[in-house]
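Participant: What follows is a single structure, and I will ask about it in a moment.
The values are calculated or read from the model by the stated rules, or taken from the named source; none is laboratory data. Note that this is a predicted model, so its numbers are computed, not measured. Cβ coordinates were reconstructed from backbone atoms using ideal geometry, including for glycine residues, and neighbour counts include every protein chain displayed.
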Amino acid sequence: MERNAVNRYRLPVPKNLLERVDKTSSPAHIGKLRNAIDLLVPENTPVLAAANGIVTYVKDDSNFGGPYPAYWNYTNFIVIMHANGEYSRYDHLAHLSSRVKVHQDIAKGHVIAKVGMTGYTFRPHLHFQVFIYTGTNIWMDFDTVSVRDFG
C-alpha cells in the first residue's frame, strides 16, 4: 500500500539553484527507496531542513563518491525526525559540511549542510527521502513515503 507523507515539506534546496526534480531515473530508487527524490543542483548548494524537527543522525566524514555501487556506503547524510513519526534524509552531502549535530532542534529552512559528490552518485544532486520506521532495525526496517509536492 502506497503511503503519502502526513507532514508538509519545503523544497530542501534553494529554488533558484534547482535544475530539475527527478523521481524516476536513479537505478537505486527501487523497493524501499521507490519514493526517494533527486534534486539536481550544483555542488556546494545549501541543503535546507524540509520541516521542523530534531536531528537524529549525522555522517559527514566521507570524501569518496562516484558512479559505482561500491561507493554506496560512503554517502554523507543527515536524518531529521519530524512530527507524526516521519523522518527526512538528505544524502550526498559535501565532506565536513554539516552545520548541525545530533539532538539539535532544527527549524524548517535552516541550512544543515551543502551538496557534495559522496556515495553512489553520477552527478551533483541532493537525494531526499521521507520515511517511516517499520521495525527496530534503523538500517533495514523503514519505508519511504510519497511527498507529492513541496510547500
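Participant: Can you tell me which residue among Asn35, Asn7, Asn84 is at pLDDT below 95 and at positive phi?
Facilitator: Asn84
Participant: Another question, then. Restrict the check to the stretch 1-19 and report whether at least one residue is part of a strand (DSSP E or B) and within 21 Å of Lys114 (Cα to Cα).
Facilitator: Looking through the stretch 1-19, none of the residues is part of a strand (DSSP E or B) and within 21 Å of Lys114 (Cα to Cα).
Participant: Further question on the same structure: Can you tell me which residues in the stretch 53-88 are of a type in the set (Gly, Ala, Ser), farther than 19 Å from Phe142 by Cα and outside any strand (DSSP E or B)?
Facilitator: Scanning the stretch 53-88 gives Ser62, Ala70.
Participant: What pairs come out if I take residues in the stretch 108-125 that are under 28 Å from Asn7 (Cα atoms) and charged (D, E, K, R) and pair them with residues that are modelled with pLDDT of 95 or more and assigned to a loop (DSSP other than H, G, I, E, B) whose C-beta lies under 6 Å away, six or more apart or interchain?
Facilitator: Close Cβ pairs (under 6 Å, with a partner that is modelled with pLDDT of 95 or more and assigned to a loop (DSSP other than H, G, I, E, B)) amount to Lys108/Arg10; Lys108/Ala49; Lys108/Ala51; Lys108/Asn52; Lys114/Asn44; Lys114/Ala94; Lys114/Ser97.
Participant: Residues in the stretch 126-148 that are part of a loop (DSSP other than H, G, I, E, B) and either closer than 16 Å to Arg3 by Cβ or small (Gly, Ala, Ser) (or both): how many?
Facilitator: 5
Participant: What are the pairs with Cβ atoms under 7 angstrom where one residue, in the stretch 3-30, is under 21 Å from Ala107 (Cα atoms) and the other, located anywhere, is at pLDDT 95 or above and of a type in the set (Asp, Glu)? Sequence gap at least six, or different chains.
Facilitator: Ala5/Glu86; Val6/Glu86; Asn7/Glu86
Participant: Can you name the residue in the stretch 10-30 that is surrounded by 14 or more Cβ atoms within 10 Å (Cβ to Cβ) and aliphatic (A, V, I, L, M) and is also modelled with the lowest pLDDT among such residues?
Facilitator: Selected residue: Ala28.
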